[in-house]
Amino acid sequence: MLCVRSRSLIAGVLFFMRLALFLTLLTLYGCQESSHLDTVLNRPHPVYTAVVSEHSTTVPQGITGTVEARTEVAIAFQVGGRILKRYVDSGQIVATGEPLFLLDAREFEQSLEAAKAQLTAAEAELIHAESNLARDSRLIEQNSISQSIFEASLLSKHAAQARKEAAQARLRQAEIALQHTSLTATRPGILVNVTGMPGQVVKTGQPLGILADTRELEIEVFLPRSVFPPTEALAHIDDARIPLKLRETAGAANEYSRTWRSRYQIESSGNELQLGMLVRVSMMVPDSPTQVYSVPLAALDERGSNTQIWQIVDQQAQPQTVAVVGVTPISAQIQGQDLKTGDRVIALGTHLLVPGMPVKEYAQ
């Protein structure tokens, strides 16, 4: 009986010794596996990146435009007076220097004669002052007059000289004013809305019409506020297609129509175009006011409730939420804040990434 109990006791001790050894080995193995896992997690994960490119989203749009002259000059006299003659009418084509209007010049002729008389008097006064100064110069040398009398004579001569110069300036002004009683064309073109009539009294600078220079025509269009004018467009005249190039856009919207005025210069000869003609203008306008970018389709990470892409920040993977506006078999069109052309995004394996994971970039 004692022998049987001894064997049972020895068997129990051996069992517990084997169990303790097993647990010890299991613990050591677990520590090694944990250390290996930490090493794997801290090692930079290789990723492939691709460049974000701009995606053009434009749609064709047709707009009615008006043919206008790039240069339009208001017809106006530089002096005021009564219109004596009118030589032209609206719609008339004129050449440089061709007479347009004539003012009654009698008042200006009288002013010119008065200016001439004033100049003659000023010249005579100067001759007299110079004669007195010459006499006083001899007398001062002989000590026959005082210094103050000589200085007064010298001052009178200078005053007479200034009066002569002022009279000469008034004479030039009178001559120029008389020349301005005849209004001529400063450039070739066509007259628009001529309003001045013989007998009408006009002020200086009062518009009497518009002279449009037809050597350089443009097309004017008015675009909705939501449409940004493209740099190129086409004007359609029957079967002809005339290329246009954007020259200027108004700095503010029209106060009544709330539209933006844009001017397109004509790139070809445009012989088919006439001033004031209505033409159909076709252009490609942006379909979305927000910039759209293109990335590889594999760069999208649709885990969770939001679609995101991954970028490398300080050698770590960081997500950025984006909105998908379109897809193709190989690319996706997205919108997102702080995105710009040329940025790099992780293009493969985005489903394995977690925020802050160390990565090493391999560009495609």
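The values are calculated or read from the model by the stated rules, or taken from the named source; none is laboratory data. Computed from a prediction, not measured in an experiment: that's the story for all the values here. Glycine gets a Cβ as well: all are built from the backbone with ideal geometry, and neighbour counts include every protein chain shown. These area figures cover heavy atoms from the full protein model, side chains too; ligands, DNA and RNA do not enter into them. Shrake-Rupley method; radii C 1.70, N 1.55, O 1.52, S 1.80 Å.
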- For segment 229-274, the count of residues that are assigned to a strand (DSSP E or B) and farther than 19 Å from ARG70 by Cα equals 4
- Members of segment 122-138 that are touching a helix residue (DSSP H, G or I) at 6+ places or on another chain (Cβ under 8 Å) and open to solvent by less than 50 Å² (accessible area, probe 1.4 Å): ALA122, LEU126, ALA129, ASN132, LEU133, ASP136, SER137
- Candidate set: segment 217-252, residues that are under 15 Å from the mean Cα position of the chain (by Cα) and among the hydrophobic types (A, V, I, L, M, F, W, C); chosen: the one surrounded by the fewest Cβ atoms within 10 Å (Cβ to Cβ): ALA252
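Which of the residues spanning segment 277-306 are outside any strand (DSSP E or B), at pLDDT 85 or above and open to solvent by 30 Å² or more (accessible area, probe 1.4 Å)?
Looking only at segment 277-306, we keep the residues that are outside any strand (DSSP E or B), and these are 277, 287-291, 297-300, 302-306.
Subset that is at pLDDT 85 or above: 277, 297-300, 302.
Once the filter is applied, which keeps residues that are outside any strand (DSSP E or B), at pLDDT 85 or above and open to solvent by 30 Å² or more (accessible area, probe 1.4 Å), segment 277-306 yields MET277, LEU297, ALA298, GLU302.
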- Task: Within segment 59-86, track down each residue that is open to solvent by 50 Å² or more (accessible area, probe 1.4 Å) and either farther than 30 Å from PRO230 by Cβ or charged (D, E, K, R) (or both).
- Result: ARG70, GLU72, ALA74, GLN78, ARG82, LEU84, LYS85, ARG86
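For every residue, the table says whether it meets (1) open to solvent by 30 Å² or more (accessible area, probe 1.4 Å); (2) modelled with pLDDT under 85; (3) closer than 30 Å to GLU218 by Cβ.
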residue: ILE312; (1), (2), (3): yes, no, no
residue: ALA317; (1), (2), (3): no, no, no
residue: GLN333; (1), (2), (3): no, yes, no
residue: ASP338; (1), (2), (3): yes, yes, no
residue: ARG344; (1), (2), (3): yes, no, no
residue: GLU361; (1), (2), (3): yes, yes, no
- Query: Out of all the residues in segment 87-110, which are in a helix (DSSP H, G or I), open to solvent by 60 Å² or more (accessible area, probe 1.4 Å) and not basic (Lys, Arg)?
  - Reply: GLU107, GLU109, GLN110
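Please determine, by comparing only the residues of segment 253-275 that are of a type in the set (A, V, I, L, M) and at pLDDT below 80, which one is surrounded by the most Cβ atoms within 10 Å (Cβ to Cβ). First the steps, then the outcome.
Restricting attention to segment 253-275, the residues satisfying the condition of being of a type in the set (A, V, I, L, M) are 253, 266, 273, 275.
Restricting the remaining residues to those that are at pLDDT below 80 gives 253, 273.
Values: ALA253: 15, LEU273: 20.
Once the filter is applied, the top-ranked residue is LEU273.
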- Message: For a quick check of your reading: which strands (runs of 3 or more DSSP E) sit entirely within segment 122-226 and have at least 1 residues that are touching a Lys or Arg at 6+ places or on another chain (Cβ under 8 Å) and aromatic (Phe, Trp, Tyr)?
- Response: 217-223
